[in-house]
Amino acid sequence: MSKKAVVIYSGGMDSFTVLHLAKQQGYDLYALSFNYGQRHSKELDVAASVCVAEGIPHKVVDITAINQLLQGSSLTSMDIDIPTGEYEEDNMKSTVVPNRNMILLSLAIGYAVSLEADKVFYGAHSGDHDIYPDCRPEFVNAMNDVSAIANYEAVEIVSPFLHDSKLTILKTGLAMGLDYGQTWTCYLGLEKACGKCGSCVERRGAFSQLGLTDPVPYADEG
């Protein structure tokens, strides 16, 4: 009997790598993406394209109604500027969406139970720890404890890169032959990546450390 797993798949580098890592491990995958009103909803189109190409069942769930409750994030509020510069806590704190990953993981766990899947893969990594409380090991561990008792069927949250950097994620994906031109990271979600937001800076930095050029087009490249 095949083993099933749900992958929370945003369309970004981290979840793209996790998706392929889980596939390589032999899981029958069910990709789950969320439209929570993010400015960079372009990532959902990118995610859909990858899932079609890979033959992976993919659901995009519209949860934009929750935005009336979750205020104060530059990712969902057009009146708050997306921060530019380094991917650090003081600079990126405005991009925190209150309780986002607890909500997304809860929905993914419910989906896994309905599929009789016992794993939910999730792309948190160490570069997020200082900025996003819901990407820290203590959060993931606590959610795993809850997930084990919340239903008759225990579901494990698997975070392969929880203690690893963006550079490690990139190295892992390149070793698998992945094309990161099939991902979207920029928080602005325009035709080309801005190259200035913290997310772009972190991503380009990883490629630069390996002496590589990011395959995604950037507005400042002409």
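Coordinate-derived values only; no laboratory data. Being a predicted model, the structure only gives us computed values, none of them experimental. Positions of Cβ are backbone-derived with ideal geometry, glycine not excepted, and every protein chain shown enters the neighbour counts.
Between N141 and S106, the FRET efficiency from the beta-carbon distance, with R0 = 22 Å, is close to 0.90. Backbone phi angles across the range 161-168, fed through the Karplus curve with coefficients 6.51, -1.76 and 1.60 (θ = phi - 60°), yield HN-Hα couplings of 10, 4, 10, 10, 8, 4, 4, 5 Hz in residue order; Gly and Pro are listed as x.
Distant-in-sequence amide contacts of V158, defined by a placed amide H-H separation under 5 Å and a gap of 5 or more residues or a different chain, comprise V120, F121, Y122. A cut-off of 5 Å between modelled amide H atoms, ignoring neighbours fewer than 5 places along the same chain, links K4 with D28, D118. Taking amide H atoms as placed 1.01 Å from N in the peptide plane, the amide H of V60 lies under 5 Å from those of S33, each 5 or more residues away in sequence or on another chain.
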